[in-house]
1. Quick one: how many residues across the range 214-263 are of a type in the set (S, T, N, Q) and farther than 16 Å from R276 by Cβ?
2. Can you give me the number of residues within the range 324-348 that are under 13 Å from L362 (Cβ atoms), open to solvent by less than 30 Å² (accessible area, probe 1.4 Å) and either of a type in the set (S, T, Y) or assigned to a strand (DSSP E or B) (or both)?
3. Restricting to the range 276-301, what's the tally of residues that are within 16 Å of the chain's Cα centre (by Cα) and open to solvent by less than 30 Å² (accessible area, probe 1.4 Å)?
4. Quick test of your reading of the structure: V94 fulfils all but one of (1) buried (at least 21 other Cβ atoms within 10 Å of the Cβ); (2) not in a strand (DSSP E or B). Name the failing condition by number.
5. Can we say G112 is farther than 29 Å from D226 by Cα and within 23 Å of the chain's Cα centre (by Cα)?
6. Only one of (1) at pLDDT 95 or above; (2) within 30 Å of L119 (Cα to Cα) is not met by A287, so which one is it?
7. Suppose we filter the range 183-206 for residues that are open to solvent by 60 Å² or more (accessible area, probe 1.4 Å) and without any contact (Cβ under 8 Å) to a residue 24 or more places away in the chain; how many remain?
8. Does Q64 meet the test of being open to solvent by 40 Å² or more (accessible area, probe 1.4 Å), free of Cβ contacts under 8 Å to residues at least 40 places away in the same chain and not in a helix (DSSP H, G or I)?
Amino acid sequence: MPDQPVRLLYLTAEGWPTHRADLIALFGKYLPRLGIHTDLLTEQLQAPAPDWPGGTALLCQAPQGRAAQYVVKLWHGLRGLMRMDARRYDAIQVRDMSVTAVAGLLVARLRGLPFYYWLSYPQSEGQIDRALKRGLKGGMRFWFPLLQGHVGKWLLYRLVLPRADHVFVQSDQMQRDLAARGVPMDKMTPVPMGVDTEVAGPDQVVASTDARLQGRRVLAYLGVMDPVRQIDVLFHMLLIVRQHYPDVLLVLAGDTEDTAHRAWLQAELERLDLGRHVLWLGWRPSAEAWSYVRAAEIGLSPFPRGYLLDSASPTKAVEYMGLGLPVVVNDNPDQQQVVRESGAGRCVPLDADAFAKAVIELLAEPEAMREMGRKGREYVLRQRGYDSIARSVAATYRRLQAERAAVESRA
C-alpha cells in the first residue's frame, strides 16, 4: 500500500523565488516525488513569481525598508495562519522566524495539528551580533536588530523549541548546541545542505572554455564574500602558491552586498599585486558558475569558526565534491566530517599558510586529486544528494505522522 501524502503549511524567512537549495531542491523538487507537499507562505521577491513546484505559493508584496518589510511579512504570516483550512494540512512548519513561530504554535494547538520548527541558522544571535558590530552610531540599524534578536532569542528558547513537536536543524553541531539548551536529542533531526545531483555533476556540467583559464592552474571559490567569510585569507594564500606555481589563477564566482567591503577587497587585490592571479566573476547563474568550478583543479571553502558559523552546513564543499573536484577546507565541524568520511580532500586550519601548503601539495599530485574527486562524487551521491536527503526527511515526517496517529488512537 503506498504511503499517504503529507501536506505542510510552510512559513519561511526566505522569500520566493529563492536560491536556497534546501528549499527549492528539497521541498520544491525531491520531497514532492515522495508525497510530501508544501504550501509556501512568504514574500514575493520577483513579479511575476514563478510557480512554486512543491505546492501552492501564498505570497505577499513587501516594501524595501527593513522594519516595514518585517512588519508586512509578519502580518502576512499571521493572516495566513488565521485563514488556513486545517483540513488541508497535516502540520504547520515555520523556518527561522521565532515571533511567527509563536503564532504558528498557537494556531497548530487550536486546530489540532502538529507544529514543526526548522532552524537553519541561529538568526536571533546573528541579529544581536550584527547590531553590536554596528554600534550605537548605527541608529535604528543598531536598535531594531538588537531588540529583534533579544526578543526572538527569548521566544525561541523559552516557548517555541520546548513546545514544538519536532525540530529540524542544520547540522549535528546545531543539534548538540540545542541539546545543551535542553532540547531533547530525539526531538531533533539534522538536515545538512546537499547537492541536486541531477543538475550539478560531471555529466551534467561542461567545463568552461573561457580563454582566461587556458594554461592556468585554476582554483575555485564559489559563494558569498561578505566580511565574516574572510575571503582575504585566499589572497594571502595566493601569494605563497604563486611562488611555486606562477600560473595559478583563483576564480571567484560570487560577491558581497556590502559595497564598502567589495571596494576593500578590490583594493586589497591591487595592493597585493594579485590582479593577474584572480578572476572575479561576481554573481553568475548557477550553471555558469558551476562550469567554472568544473574547469578548476581544486575547490576552496574557507568558513570561519565561532558559535554562529560552527552550526552551519556549508554548501560549497559538497558542491565541489558533487562536481568531481578535490577540496581544501578548514575545520568547520560539518566540513571536517564530510572530508574525513569521504577522503575527498584536505581539512586544515583557516590560515593562509595552511591553505597554501595543502594546495601546493595537491597540485603536485594529479593522480591523488583525481582519486579524491572520484571519492567526493561517490560520497555526495551516497549521502549528500538531495534525493537521499529527501528520503531521510520524508521518513521523518511519516514517522512523526504515524506516532501522532498512534497516540490519538489510544486517547
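1. Counting residues in the range 214-263 that are of a type in the set (S, T, N, Q) and farther than 16 Å from R276 by Cβ gives 3.
2. Residues in the range 324-348 being under 13 Å from L362 (Cβ atoms), open to solvent by less than 30 Å² (accessible area, probe 1.4 Å) and either of a type in the set (S, T, Y) or assigned to a strand (DSSP E or B) (or both): 5 in total.
3. Residues in the range 276-301 being within 16 Å of the chain's Cα centre (by Cα) and open to solvent by less than 30 Å² (accessible area, probe 1.4 Å): 1 in total.
4. (2)
5. no
6. Condition (1) is where A287 drops out.
7. Residues flagged as open to solvent by 60 Å² or more (accessible area, probe 1.4 Å) and without any contact (Cβ under 8 Å) to a residue 24 or more places away in the chain within the range 183-206 amount to 5.
8. Against the criterion (open to solvent by 40 Å² or more (accessible area, probe 1.4 Å), free of Cβ contacts under 8 Å to residues at least 40 places away in the same chain and not in a helix (DSSP H, G or I)), Q64 qualifies.
The values are calculated or read from the model by the stated rules, or taken from the named source; none is laboratory data. Everything quoted here is computed from the prediction, not taken from an experiment. Every residue, glycine among them, receives a Cβ derived from its backbone with ideal geometry; neighbour counts consider all protein chains shown. In case anyone asks, the SASA skips ligands and DNA or RNA and just uses the protein heavy atoms, side chains included. Shrake-Rupley method; radii C 1.70, N 1.55, O 1.52, S 1.80 Å.
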